[in-house]
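**Student:** What follows is a single structure, and I will ask about it in a moment.
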């Protein structure tokens, strides 16, 4: 099987998987399913987007996707820990009762998660550098960013209520 045939087969498989997922909803947006269902749909769409944009060879794909899955799980665990320890909604709901010390603790914890994410991104980049050229890694980072930007703009609420409810104290 040639590399082009394998790429085509992988693309068709991804497209079929996404088509089945979308057919269950009847549209391109997740219905009000569970967080895990929405997260899984997001990940499936992201994998398809990256697959189509990267133009990976079979050898690159065999090395990249296990690495991607490994780091995706690490980023998920950091994000989950952040969510469990810090809820913006709860912070703003309790803003009027919050002390400066509590706000400082929240900010310090947020920086800790940022540091963990940055250290993980650096390790990930080092391992990506063993698979791809820096140009291809830059393309990957661009595709990741563009996918997130598109998904955020698709799900943007009508208005920004945060600025209206936040008090400057």
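The values are calculated or read from the model by the stated rules, or taken from the named source; none is laboratory data. From a predicted model like this one, the values you see are computed outputs, not experimental measurements. A quick note on method: Cβ atoms are made from the backbone with ideal geometry, for glycine too, and the neighbour counts reach across all protein chains shown.
**Student:** Are any residues in the range 128-140 part of a helix (DSSP H, G or I) and either exposed (fewer than 14 other Cβ atoms within 10 Å of the Cβ) or in contact with a strand residue (DSSP E or B) (Cβ under 6 Å, 6 or more places away or on another chain) (or both), and if so, which ones?
**Tutor:** 134, 135, 138
**Student:** Here's another thing I want to ask about it. Step by step: first the residues of the range 80-93, then only those that are surrounded by 12 or more Cβ atoms within 10 Å (Cβ to Cβ) and free of Cβ contacts under 8 Å to residues at least 12 places away in the same chain, then the one that is nearest to residue 112 (Cα to Cα). Which residue is that?
**Tutor:** The residue in question is 83.
**Student:** If I go through the range 150-169 residue by residue, how many of them are within 17 Å of the chain's Cα centre (by Cα), assigned to a helix (DSSP H, G or I) and either surrounded by fewer than 10 Cβ atoms within 10 Å (Cβ to Cβ) or modelled with pLDDT of 95 or more (or both)? Working first, answer last.
**Tutor:** Narrowing the range 150-169 to residues within 17 Å of the chain's Cα centre (by Cα): 150-156.
Still in the list and also assigned to a helix (DSSP H, G or I): 150-154.
Filter again for either surrounded by fewer than 10 Cβ atoms within 10 Å (Cβ to Cβ) or modelled with pLDDT of 95 or more (or both), leaving 152-154.
Qualifying residue count for the region: 3.
**Student:** Here's a follow-up. Among the residues of the range 94-127, write down those that are in contact (Cβ under 8 Å) with a residue 24 or more places away in the chain and not in a helix (DSSP H, G or I).
**Tutor:** Answer for the range 94-127, where residues must be in contact (Cβ under 8 Å) with a residue 24 or more places away in the chain and not in a helix (DSSP H, G or I): there is none.
**Student:** Is it the case, given these coordinates, that residue 84 is outside any helix (DSSP H, G or I), more than 15 Å from the chain's Cα centre (by Cα) and modelled with pLDDT under 95?
**Tutor:** In short, no.
**Student:** Given the structure, is residue 113 modelled with pLDDT of 90 or more, within 15 Å of the chain's Cα centre (by Cα) and surrounded by 10 or more Cβ atoms within 10 Å (Cβ to Cβ)?
**Tutor:** no
**Student:** Would you call residue 143 within 29 Å of residue 49 (Cα to Cα), in contact with a helix residue (DSSP H, G or I) (Cβ under 6 Å, 6 or more places away or on another chain) and modelled with pLDDT of 95 or more? Please lay out each step first, then the result.
**Tutor:** On the way: within 29 Å of residue 49 (Cα to Cα): yes; in contact with a helix residue (DSSP H, G or I) (Cβ under 6 Å, 6 or more places away or on another chain): yes; modelled with pLDDT of 95 or more: yes.
Criteria met by residue 143.
**Student:** A further question follows. Only one residue in 100, 36, 76, 27 is loosely packed, with under 13 Cβ neighbours inside 10 Å, modelled with pLDDT of 75 or more and farther than 29 Å from residue 123 by Cβ. Which one?
**Tutor:** 100 is the lone residue from the list that is loosely packed, with under 13 Cβ neighbours inside 10 Å, modelled with pLDDT of 75 or more and farther than 29 Å from residue 123 by Cβ.
**Student:** A further question on this structure: Collect the residues in the range 59-69 that are more than 11 Å from residue 47 (Cα to Cα), surrounded by 12 or more Cβ atoms within 10 Å (Cβ to Cβ) and in contact with a helix residue (DSSP H, G or I) (Cβ under 9 Å, 6 or more places away or on another chain), keeping them in residue-number order.
**Tutor:** Correct list: 60, 61, 64, 67.
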